[in-house]
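> My questions all concern the structure below.
The values are calculated or read from the model by the stated rules, or taken from the named source; none is laboratory data. As the structure is a prediction and not an experimental result, all values here were calculated from the model. Note: ideal-geometry Cβ built from the backbone for every residue, glycine included; neighbour counts use all protein chains shown. For the accessible areas, the whole protein counts, side chains as well, though only heavy atoms, and no ligand, DNA or RNA atoms are used. Shrake-Rupley method; radii C 1.70, N 1.55, O 1.52, S 1.80 Å.
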Amino acid sequence: MNGVMKKSSFGAWAAAAAILWMAAGLSACGEKGKQGAAVSRPVVQDVEVVVIRPVPRETTAEALGTVRARTTAAVAPQVMGRLTGVAVSEGSVVAAGALLATIDDTTVRAHLSSAEGAVAEAEAAREEADRAISQAEAGNTLAEKTFERFRKLLEGKVVTPQEFDEVEMRRTVAVKELERAQQKRVQVSAKIAQARGQADAAKAMLAWARVTAPFAGVIVEKRADAGSMAVPGVPLFVLEDPRRHRIEASVSETYLPFLKVGTPVQGILDADPGKPFSAVVTEIVPAIDPISRTFTVKADLPAGRARSGQSGKVRFAAGKGTVLAVPKRAITRAGSVDGVFTVGALDNVARLSMITLGAEFDDRVEVLSGIEDGARVALSPIDKLSDGARVEVRR
């Protein structure tokens, strides 16, 4: 029995030893695998490295903006009526004074006819008043001469005082008749002026029944069709001059000291960010929006560079400071983002770091995020580096 127990104990010990040996072997294999993986990393030799430090420069700021035509007009009618015709559509190119729409002018023509009739009637009345004045002036002249003659006769006692009084009364009546004729002419002249004013107003309203373009441009919006009711002050069309555009940006009030009329800025259209253009501030709205705490800056765009409604940015100098920047040749593209290879100071391993870029200056680009002060960034050979590669730094 003791022999059996000894034999069983020996077998158990042997099994345990075998398990420990296998575990040790697997552990060794694992270590060997790790060493093999480390050894298999590619080694890139003669890698040029630069330490990134803050550099002084003029800082820049950006503000979002919208492109608008420098000259825009909302064309509205000046009289009420039904539209009898619309001569343009969106996209139509029109000259200054071109017909855009017509409004029913039946009522206006009736008013004009009535006013012209009143003018003719008043002018006829003035002619009659002129004749009455002529007659009154002749009667007054005769009465005056008769009065002078009878006055002398009275002094010579040739006529009686009663006869002289009758002549004097006729002279007074002649003077009053002349005054009434002259007053009548003044009244008729006033009626003529009033009638002519009404006729001129009717002619103006008749002209307003034709809605015309105030300047040469392009119809960018049509808001009514034939048969619609035209209401004074309610725009029918939006017209703009396509030759001149500007970008209007809302800028934080923080940058108010840095911008004034004539300040050079850089414009960037979102549709073509790779082609920035130089511009100059032409107008600043002095009032600050109390809600957004921004003010509006306007800068003219080069001819033919943009269309109304496009989005863009205005970039401008915003004082001096320090920024982190990397040389342009250190930047690599990884998909749709920018990155640089940083090299560890202890292990000399290249690691791809995604970064956010800012403004360019000289041969460098501002880094807004992704790396920190003191980072070692590889400059060359970028095309041979990969994430996790070991490098041999150039001395």
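> In region 164-185, what residues are within 15 Å of Glu128 (Cβ to Cβ) and open to solvent by 100 Å² or more (accessible area, probe 1.4 Å)? Step through it out loud before you land on a result.
Here is the first cut: in region 164-185, the ones within 15 Å of Glu128 (Cβ to Cβ) are 177, 180-185.
Scanning region 164-185 gives Arg180, Gln183, Lys184, Arg185.
> Scan (1) open to solvent by 90 Å² or more (accessible area, probe 1.4 Å); (2) touching a Lys or Arg at 6+ places or on another chain (Cβ under 8 Å) for the single condition Thr106 breaks and write down its number.
(2)
> Which of the residues that make up region 353-384 are farther than 28 Å from Pro42 by Cα and open to solvent by 90 Å² or more (accessible area, probe 1.4 Å)?
Result: Glu360, Asp362, Asp363, Leu368.
> Do you know which of the residues in region 157-215 that are of a type outside the set (A, V, I, L, M, F, W, C) and within 30 Å of Ala95 (Cβ to Cβ) is nearest to the chain's Cα centre (by Cα)?
Of region 157-215, the ones of a type outside the set (A, V, I, L, M, F, W, C) are 157, 160-163, 165-166, 168, 170-172, 176-177, 179-180, 182-185, 187, 189, 191, 194, 196-198, 200, 203, 210, 212, 214.
Next, only the ones that are within 30 Å of Ala95 (Cβ to Cβ) stay: 200, 203, 210, 212, 214.
Working: Asp200: 38, Lys203: 37, Arg210: 29, Thr212: 24, Pro214: 19 Å.
Looking at residues that are of a type outside the set (A, V, I, L, M, F, W, C) and within 30 Å of Ala95 (Cβ to Cβ), I get Pro214.
> Is it the case that Val323 is open to solvent by less than 50 Å² (accessible area, probe 1.4 Å), within 34 Å of the chain's Cα centre (by Cα), at pLDDT below 90 and under 27 Å from Leu64 (Cα atoms)?
Values: open to solvent by less than 50 Å² (accessible area, probe 1.4 Å): yes; within 34 Å of the chain's Cα centre (by Cα): yes; at pLDDT below 90: yes; under 27 Å from Leu64 (Cα atoms): yes.
So Val323 fits the description; yes.
Every residue, every condition in (1) touching a Leu at 6+ places or on another chain (Cβ under 8 Å); (2) closer than 30 Å to Asp241 by Cβ; (3) modelled with pLDDT of 85 or more, yes or no:
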site	(1), (2), (3)
Ala136	yes, no, yes
Arg170	no, no, yes
Lys191	no, no, yes
Phe215	yes, yes, yes
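> So, one more: Can you pull out the residues in region 247-261 that are in a helix (DSSP H, G or I) and of a type in the set (Asp, Glu)? Steps first, answer last, please.
Going residue by residue through region 247-261, those that are in a helix (DSSP H, G or I) are 253-258.
Of everything in region 247-261, just one residue is in a helix (DSSP H, G or I) and of a type in the set (Asp, Glu), namely Glu253.
> Further, regarding this structure: Looking at Leu99, is it modelled with pLDDT of 90 or more, crowded, with 17+ Cβ neighbours inside 10 Å, farther than 30 Å from Thr263 by Cβ and within 45 Å of the chain's Cα centre (by Cα)?
Values: modelled with pLDDT of 90 or more: yes; crowded, with 17+ Cβ neighbours inside 10 Å: no; farther than 30 Å from Thr263 by Cβ: yes; within 45 Å of the chain's Cα centre (by Cα): yes.
For Leu99, the condition - modelled with pLDDT of 90 or more, crowded, with 17+ Cβ neighbours inside 10 Å, farther than 30 Å from Thr263 by Cβ and within 45 Å of the chain's Cα centre (by Cα) - is not met.
> Looking at Val75, Val50, Val39, Val43, which is the one that is out of contact with any Gly (no Cβ under 7 Å at 6 or more places or on another chain), open to solvent by 40 Å² or more (accessible area, probe 1.4 Å) and modelled with pLDDT of 90 or more?
Only one candidate passes the filter, namely Val50.
> Another one. Among the numbered conditions (1) open to solvent by less than 60 Å² (accessible area, probe 1.4 Å); (2) modelled with pLDDT under 90; (3) acidic (Asp, Glu), tell me where Asp387 comes up short.
Among (1) open to solvent by less than 60 Å² (accessible area, probe 1.4 Å); (2) modelled with pLDDT under 90; (3) acidic (Asp, Glu), Asp387 violates only (1).
> Could you identify the single residue in Thr263, Thr294 that is open to solvent by less than 50 Å² (accessible area, probe 1.4 Å), of a type outside the set (A, V, I, L, M) and touching a helix residue (DSSP H, G or I) at 6+ places or on another chain (Cβ under 9 Å)? Quick ask: steps written out before the conclusion?
Details: Thr263 fails: touching a helix residue (DSSP H, G or I) at 6+ places or on another chain (Cβ under 9 Å).
Exactly one residue qualifies, and that residue is Thr294.
For every residue, the table says whether it meets (1) among the polar types (S, T, N, Q); (2) closer than 30 Å to Ala69 by Cβ.
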site: Phe316; (1), (2): no, yes
site: Gly344; (1), (2): no, no
site: Leu352; (1), (2): no, no
site: Glu372; (1), (2): no, no
site: Arg376; (1), (2): no, no
site: Ser380; (1), (2): yes, no
